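What follows is a single structure, written as structure tokens, with notes after it.
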Amino acid sequence: MNDEDLLQMLGELRDETVPFASVRRRVLAMSARQRQRPRVVGWPWWTAAAAALLVLTLASRPAWKVESLTLPAPPALVVETPSFEVVSRPPLVRPAKIVKPPSEAFTVKMLTDDPDVVVYWIVGGEGEE
């Protein structure tokens, strides 16, 4: 097929308007039917009627009734006090603090590899434990 054949076919389709006209009419009729949907007339009235029915149903229900209850008197309690003796607790005895006698300090002489350096270490005495 070349371009001339396609143009010839398109020309023939343009001339044949009868089959396309019937299809066009059917499509327009279907769209017109879809536009004319049946509407519910008076939907506000149906809503108002449902609300009134709900109010009447709730109003006709019995209200809660509160009854006062009489409680029986509590049973008499007999409290017996147990007999007991007052006993004093023995005094708390703490162990005596052990006091160490002061130890005498002694000196340790440490020699090092260098004969000019000598370390004296004083061990014991007051202030050390």
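Treating r as the C-beta distance of residue 7 and residue 31 and R0 as 25 Å, the FRET efficiency rounds to 0.20. Surface calculation, 1.4 Å probe, protein heavy atoms: residue 30 sits at approximately 110 Å² accessible.
The values are calculated or read from the model by the stated rules, or taken from the named source; none is laboratory data. Values in this document were obtained by computation on a predicted structure and should not be read as measured data. For neighbour counting, all protein chains shown are included, and Cβ atoms are generated from backbone atoms with ideal geometry for every residue, glycine included. These area figures cover heavy atoms from the full protein model, side chains too; ligands, DNA and RNA do not enter into them. Shrake-Rupley method; radii C 1.70, N 1.55, O 1.52, S 1.80 Å.
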